[in-house]
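The values are calculated or read from the model by the stated rules, or taken from the named source; none is laboratory data. All values derive from a computational prediction rather than experimental measurement. Note that each Cβ is placed from the backbone with ideal geometry, even for glycine, and that neighbours are counted across all protein chains shown. Ligands, DNA and RNA are stripped out before the accessible areas are found, and what is left, the full protein with its side chains, is counted by its heavy atoms. Shrake-Rupley method; radii C 1.70, N 1.55, O 1.52, S 1.80 Å.
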Amino acid sequence: MSDQDRMILRVKDVCKCFGELEVLRGISFELREGGILAVIGPSGSGKSTLLRGICQLEQMDSGSIEICGEKLFYTDESGQAIYAHPTVQKALQLKLGMVFQVFHLFPHLSILENITEAPIQVLKKNKKEAREQGMRLLSKLGMADKADAYPYQLSGGQQQRVSIARALALNPAILCFDEPTSALDPELTGEVLKVMLELARENMTMLVVTHEMRFAAEVADHVIFMDEGVIIEEGTPSQVFHNTNQQRTKQFLQKLMG
């Protein structure tokens, strides 16, 4: 099996409830190395909960998740979700870079310090190495001149680009996005999508929860449409956007795209 065909993420029969509310009902999919998977669907469909489960921000109730060939959790014979040892969980967490809707930058740190904090504290890189890497990432994202600025001095699009650089600084195997443009106006959205398109060209493995149908249609190589905690449809962008037989998918796309 070539590296390009290697499955880097396997999600199988994942379920999650909040009290009586079933948020995820048996979600299964795979993501290959270098692949770009877009997860679309209406608000409340379970998209963000799914992503949070993969990134260990929520504990799932049952099913299994495997990252880079190692189990994050599985379900035992009694139906209980059994999570890996904390050291394994931490190692798997480092394989995932997360970019949120809200930027979550440290307001008291400069832009460069925001990017170098985790490599220094978590990966134990020396400051010189972390700063050099941070400057390379800022240059790549067109932000080198903002290294000494503070978050409040940046536009929303610039702050989100810094968030992407911060996630990349940990050299993740998968870059995860949770509605990365939902807090931005259209012009700033374009800035962020341009960065994501460039990462796609570099074969960065990405899992993207998004309302940006153009990105899903033109950049992703696989699309999942979720509604009410289940996968209604999945396939190539061409299949989902132009050749769907699912009435629910058609309704969603017509409402969103006109």
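Considering (1) touching a helix residue (DSSP H, G or I) at 6+ places or on another chain (Cβ under 9 Å); (2) among the aliphatic types (A, V, I, L, M); (3) not in a helix (DSSP H, G or I), say which one Ile231 fails and leave the rest. (1) is the only condition that Ile231 fails. Only residues that are small (Gly, Ala, Ser) and either modelled with pLDDT under 85 or open to solvent by 60 Å² or more (accessible area, probe 1.4 Å) (or both) were counted in segment 173-189, giving 2.
From the list Gln160, Gln153, the lone residue that is open to solvent by 40 Å² or more (accessible area, probe 1.4 Å) and at pLDDT 90 or above is Gln153. Residues that are loosely packed, with under 14 Cβ neighbours inside 10 Å and either modelled with pLDDT of 95 or more or outside any strand (DSSP E or B) (or both) occur at least once in segment 26-37. Taken across segment 208-227, residues that are at pLDDT 90 or above and more than 26 Å from Ala167 (Cβ to Cβ) do occur, with at least one present.
In segment 54-62 there is at least one residue matching the filter, namely being charged (D, E, K, R) and free of Cβ contacts under 8 Å to residues at least 60 places away in the same chain.
Out of curiosity, is His104 more than 30 Å from Ser182 (Cβ to Cβ) and out of contact with any strand residue (DSSP E or B) (no Cβ under 8 Å at 6 or more places or on another chain)? It is false that His104 is more than 30 Å from Ser182 (Cβ to Cβ) and out of contact with any strand residue (DSSP E or B) (no Cβ under 8 Å at 6 or more places or on another chain). Pairing each residue of segment 147-163 that is charged (D, E, K, R) with any residue that is open to solvent by 20 Å² or more (accessible area, probe 1.4 Å) and part of a helix (DSSP H, G or I), provided the two are 6+ apart or on different chains, yields C-beta distances under 7 Å for Arg161/Glu191. Report, by residue number, each residue of segment 190-232 that is open to solvent by 40 Å² or more (accessible area, probe 1.4 Å), more than 19 Å from Leu256 (Cα to Cα) and without any contact (Cβ under 8 Å) to a residue 60 or more places away in the chain. Across segment 190-232, the qualifying residues are Glu191, Lys194, Leu197, Glu198, Arg201, Glu202.
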